[in-house]
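Chemist: Mind looking over this structure? Questions follow.
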Amino acid sequence: MNDNNQPLEDVATRQGLVRRIAGTFQPYRVRVGLVGILILITAGLGVVNPVLIRFVFDSALFPPEGEPNLSLLWLVAGIMAGITVLNGGLGVVQTLFTNRIGQQVMRDLRDRLYTHLQMLPLSFFTNTRTGEIQSRVANDVGSIQNVVTSTVSNVLSNSVVFISTLVAMFILSWEIALVAIATVPVFALLSKTVGARRRAVSAEAQQTAADMTAITQETLSISGIMLAKLFGRQDQEIERFHRQNQRLADLTIRRQMTGQAFFTVMQIFFSLAPVLVYVIAGYLLRGDAPSGITSGTIVAFTTLQSRLFFPIGSLLQVSVELQSSLALFERIFGYLDIKPEIVDAPGALPLDRHAVKGRITFDRVRLEYEARAEADHGSQGRDSGQRWALDDVSFRIEPGQLAAFIGPSGAGKTTISYLIPRLYDVTEGAVQIDGNDVRDIQLASLADLVGYVTQESYLFHASLRDNLLYGNPDATRDEMEAAARDAFIHERIMQFPDGYDTVVGERGYRLSGGERQRLSIARVILHDPRILILDEATSALDTASERYVQAALEPLMDRCTTIAIAHRLSTIMSADVIFGVDQGRIVEQGTHQELLTRDGLYANLYAEQFDAGRIECRCEDGIVLSNGRIVAQCEEVL
Ligand code: ATP
């Protein structure tokens, strides 16, 4: 099961989680310390004014002598105003600092998450919806902004305000202070109950939001929308979206209402608190013993009381928010905890591509996709009788050879090719280049060595130039244009008004399939690898273009060891060695002529595609036409 759905407690203990969150602040500890000092000063200054109120009442407004002491009143009022202005100023500085720290922590977290995701193996992405990943990087990190920027400093300042207020209250009247404190546990209990409820609803709402992003991303992508239109599934998609949308709305209302109910109760409590002070003061004043309570004390006390309840309220609210935010942090850490399995081994070799000969060896290779996927998500691998995607695959391709892999769909041809650039690692056995296990070669060297052209040519939403230079950012303009010419795409590019600066639409949809494929071939020509993998690389081209592009690839193929995966046998007949793959095993190998003499996979495929030559073929303009259909090129067949 995907880790996304694991209960929170499974990933880390709450304490460990809080420690990890605190760890994200570690690089900014000096600034955090400074904010702490500012908070102490402002919170300390905050209790001075309420205490001065007693002085205003008892000594300036209603002194024992009777007449108000105006000069004292002005002095105290001046001090109170000064303190307020100073506190305001310090508050601004503190906000600036906390925001800075918060944004830096968020930036670090986003960077860490993105860097980590880049390192994760392909299996992680085949097992996780793209929308969900996007939601974590964008929404989850965004949602904790509040906690990071304001909540943490709130906790600190409210705690200090709470403690200093309490001290001031005890100085004024310990009896009333005790009564005020007695009400605190009631709040705490309330917070705990509502907090837990709110946290659960919050986590559910967050997951629903992620689901919605995933649905939107999947169904409103160009491929998704095409699929829906072609199968007439719009209504179902709209309905699916509507259901999630409704759920999100309901959950959000529930989350807000749980919070609201809590605050309403608290507000009532706040309003009743001064009444309690008056009543208690009344009782204390009624007795014969001197209580020391003056009208100044009562006014000062009720003012302080709002300073006491406000931080409690804030702290309780913060605790509710902190609890919902823990869920977010947990989801982010959940991703960060997934091990990037395919990484450089200690002491991995940097291979100089000019020194590489390009011998590829597979030594009793086995691969099990599911075991990889489950290991990536931190759960136990299954030991049930899983089918190996590759089973006991051994072969050797000599430097400079063209090796072709043929076989039915799902046989494992692409999987074999994935193991060379380490898109996946073998489960058993080894893949070697020039005798070096690929797991002992630096990944950067491997990427440099291996060029891969797939059937699905992915282009970034950027200019054609940027897309081409992705293969080699250091290439000159001439080199880039030469590569484009070789791939027969230069003329087409020049037809665009902006030439090489033309921006490719989302996933290259402004270009035809064949044009995209030729661009990706130009990109790999620029990359100039030593091992070239062509996975149905020319399948989107018509036979004539395919011939041109193959001619274009030839100089590159001469410098490379080439692996060609093809369904169309016409493209691989001239291969030095052809491997027949079936159900994850190599079932035959040999040249075109050798394999034709056997009644195996290749001979059967050949018979299917060329109808064993029973259908009359004729050559026209270098192309073999069979019953009017182009099936091959003359020189390949002759
Ligand atoms: P085709 O000619 O249709 O491209 P292929 O011979 O290249 O097929 P592969 O793509 O290598 O076949 O797939 C081999 C087997 O591995 C298939 O059964 C496929 O379902 C399975 N497979 C491929 N990718 C994954 C994956 N990421 N997770 C699990 N199984 C996978």
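The values are calculated or read from the model by the stated rules, or taken from the named source; none is laboratory data. Quick caveat, the model's predicted, so the values are computed rather than measured. All Cβ positions, glycine included, derive from the backbone under ideal geometry; neighbour counts span all protein chains shown.
Chemist: Residue pairs, Cβ under 8 Å, 6 or more apart or interchain, first in region 202-222 and assigned to a helix (DSSP H, G or I), second among the β-branched types (Val, Ile, Thr). List them.
Modeler: Listed by first residue and then by second, the contacts come to Ala205/Thr252; Ala214/Thr130; Gln217/Thr130; Glu218/Thr130; Thr219/Ile225.
Chemist: Which residues, taken from region 338-358, are among the acidic types (Asp, Glu) and either over 17 Å from Ser123 (Cα atoms) or loosely packed, with under 15 Cβ neighbours inside 10 Å (or both)?
Modeler: Hits for region 338-358 are Asp344, Asp352.
Chemist: Can you find a residue that is modelled with pLDDT under 85 and surrounded by 16 or more Cβ atoms within 10 Å (Cβ to Cβ) anywhere in region 517-533?
Modeler: yes
Chemist: Just need a number here: residues in region 574-611 that are away from the ligand (no atom under 16 Å from the Cβ), within 44 Å of the chain's Cα centre (by Cα) and of a type in the set (A, V, I, L, M).
Modeler: Qualifying residue count, region 574-611: 2.
Chemist: While we're here: Taking the criterion of being at pLDDT below 80, among the small types (Gly, Ala, Ser), surrounded by fewer than 20 Cβ atoms within 10 Å (Cβ to Cβ) and not in a helix (DSSP H, G or I), would at least one residue in region 258-279 satisfy it?
Modeler: Checked region 258-279: no residue is at pLDDT below 80, among the small types (Gly, Ala, Ser), surrounded by fewer than 20 Cβ atoms within 10 Å (Cβ to Cβ) and not in a helix (DSSP H, G or I).
Chemist: Being surrounded by 18 or more Cβ atoms within 10 Å (Cβ to Cβ) and at positive phi is the filter here; which residues of region 473-513 pass it?
Modeler: Answer for region 473-513, where residues must be surrounded by 18 or more Cβ atoms within 10 Å (Cβ to Cβ) and at positive phi: Phe488, Gly508.
Chemist: Let me ask another. Any residue at all in region 549-556 that's on the phi > 0 side of the Ramachandran plot, buried (at least 16 other Cβ atoms within 10 Å of the Cβ) and of a type outside the set (Gly, Ala, Ser)?
Modeler: no
Chemist: Which residue, of Thr303, Thr361, is at pLDDT 85 or above and either crowded, with 20+ Cβ neighbours inside 10 Å or polar (S, T, N, Q) (or both)?
Modeler: Only one candidate qualifies: Thr361.
Chemist: Additional query: Can you say whether Ile586 is within 27 Å of Asp434 (Cα to Cα), at pLDDT 85 or above and touching a Cys at 6+ places or on another chain (Cβ under 8 Å), as far as the supplied structure shows?
Modeler: no
Chemist: Which of the residues spanning region 3-31 are outside any helix (DSSP H, G or I) and either modelled with pLDDT under 65 or more than 12 Å from Leu326 (Cα to Cα) (or both)?
Modeler: Gln6, Pro7, Ala12, Thr24, Phe25
Chemist: Which of the strands (runs of 3 or more DSSP E) found entirely inside region 542-600 contain at least 3 residues meeting this: closer than 22 Å to Ala522 by Cα?
Modeler: 561-565
Chemist: Restricting region 383-421 to residues that are out of contact with any strand residue (DSSP E or B) (no Cβ under 7 Å at 6 or more places or on another chain) and within 13 Å of the ligand (Cβ to nearest atom), which is modelled with the lowest pLDDT?
Modeler: Gln386
Chemist: What pairs can you find where one residue is in region 418-439 and among the basic types (Lys, Arg), the other is assigned to a loop (DSSP other than H, G, I, E, B), and their Cβ atoms are less than 6 Å apart, with a gap of 6+ or different chains?
Modeler: That search, which allows pairs on different chains as well, returns Arg422/Ile342; Arg439/Ala345.
Chemist: Report, by residue number, each residue of region 422-445 that is of a type in the set (A, V, I, L, M, F, W, C) and within 13 Å of the ligand (Cβ to nearest atom).
Modeler: Leu423, the sole residue that qualifies.
Chemist: With respect to Leu86, determine if the residue is at pLDDT 80 or above, of a type in the set (A, V, I, L, M, F, W, C) and within 30 Å of Leu284 (Cβ to Cβ).
Modeler: No: the conditions fail for Leu86.
Chemist: Scan Thr128, Thr98, Thr115 and give me the residue that is under 28 Å from the mean Cα position of the chain (by Cα), over 30 Å from Thr294 (Cβ atoms), within 16 Å of the ligand (Cβ to nearest atom) and among the polar types (S, T, N, Q).
Modeler: Step by step, each of Thr128, Thr98, Thr115 is checked, and only Thr128 is under 28 Å from the mean Cα position of the chain (by Cα), over 30 Å from Thr294 (Cβ atoms), within 16 Å of the ligand (Cβ to nearest atom) and among the polar types (S, T, N, Q).
Chemist: Out of all the residues in region 446-457, is one or more within 16 Å of the ligand (Cβ to nearest atom), over 17 Å from His527 (Cβ atoms) and either free of Cβ contacts under 8 Å to residues at least 60 places away in the same chain or out of contact with any Lys or Arg (no Cβ under 7 Å at 6 or more places or on another chain) (or both)?
Modeler: Yes, that holds for at least one residue.
Chemist: Would you please name the residue that is nearest to the chain's Cα centre (by Cα), looking only at residues in region 224-237 that are in a helix (DSSP H, G or I) and surrounded by 13 or more Cβ atoms within 10 Å (Cβ to Cβ)?
Modeler: Once the filter is applied, the top-ranked residue is Gly224.
Chemist: So in region 534-562, with the set limited to residues that are modelled with pLDDT of 90 or more and touching a Leu at 6+ places or on another chain (Cβ under 7 Å), which one is nearest to Leu351 (Cα to Cα)?
Modeler: Out of the qualifying residues, it is Cys560.
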